[in-house]
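The values are calculated or read from the model by the stated rules, or taken from the named source; none is laboratory data. Keep in mind it's a predicted model, so treat the numbers as computed, not measured. Heads up, the Cβs are rebuilt from the backbone with ideal geometry, glycines too, and the neighbour counts pull from every protein chain shown. Ligands, DNA and RNA are excluded from the accessible area calculation, which covers all protein heavy atoms including side chains. Shrake-Rupley method; radii C 1.70, N 1.55, O 1.52, S 1.80 Å.
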Amino acid sequence: MSPKTPDASATSDAKSRAGLMTPGRTTVMALVLLALVFVFENTRSTKIRLLVPEVTTPLWMALLGTGAIGALCGAYSTRRRP
């Protein structure tokens, strides 16, 4: 009888799952979670001046919008170019 060899698909599945949870991705996910908790804990209204008009909006909406703009700028600047 021949010894059992691991199935090639089982080995590739284990490698792909291990690649999903790298220390860097885990750290980023933890920071995103902390940022979201911070955003949604700040629910008071605040006045924001946009060049000329003054707008009253919930602070969480201003923080979330600013974070989204920052994430888009970061994604754009780190994008690989051909």
Pairs where the first residue, in the range 37-57, is on the phi < 0 side of the Ramachandran plot and open to solvent by 70 Å² or more (accessible area, probe 1.4 Å) and the second is at pLDDT 85 or above and of a type in the set (Lys, Arg), C-beta under 9 Å, 6+ apart: GLU54/LYS47; THR56/LYS47
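Could you list, in sequence order, the residues of the range 17-36 that are open to solvent by 100 Å² or more (accessible area, probe 1.4 Å) and either touching an Asp or Glu at 6+ places or on another chain (Cβ under 9 Å) or assigned to a helix (DSSP H, G or I) (or both)?
Applying the first criterion (open to solvent by 100 Å² or more (accessible area, probe 1.4 Å)) to the range 17-36 yields 17, 20-21, 23, 25, 29, 31, 33-34.
Passing the criteria: ARG17, LEU20, PRO23, ARG25, MET29, LEU31, LEU33, LEU34.
Please go through the range 47-82 and pick out each residue that is of a type outside the set (Asp, Glu) and in contact with a strand residue (DSSP E or B) (Cβ under 7 Å, 6 or more places away or on another chain).
If the condition is that a residue be of a type outside the set (Asp, Glu) and in contact with a strand residue (DSSP E or B) (Cβ under 7 Å, 6 or more places away or on another chain), then LYS47, ILE48, VAL55, THR56, THR57, PRO58, LEU59, ALA62 are the ones that fit.
For the range 41-51, give me each residue that is of a type outside the set (S, T, N, Q) and at pLDDT 85 or above. Talk me through it step by step, then tell me what you get.
Looking only at the range 41-51, we keep the residues that are of a type outside the set (S, T, N, Q), and these are 41, 44, 47-51.
Residues satisfying the conditions are GLU41, ARG44, LYS47, ILE48, ARG49, LEU51.
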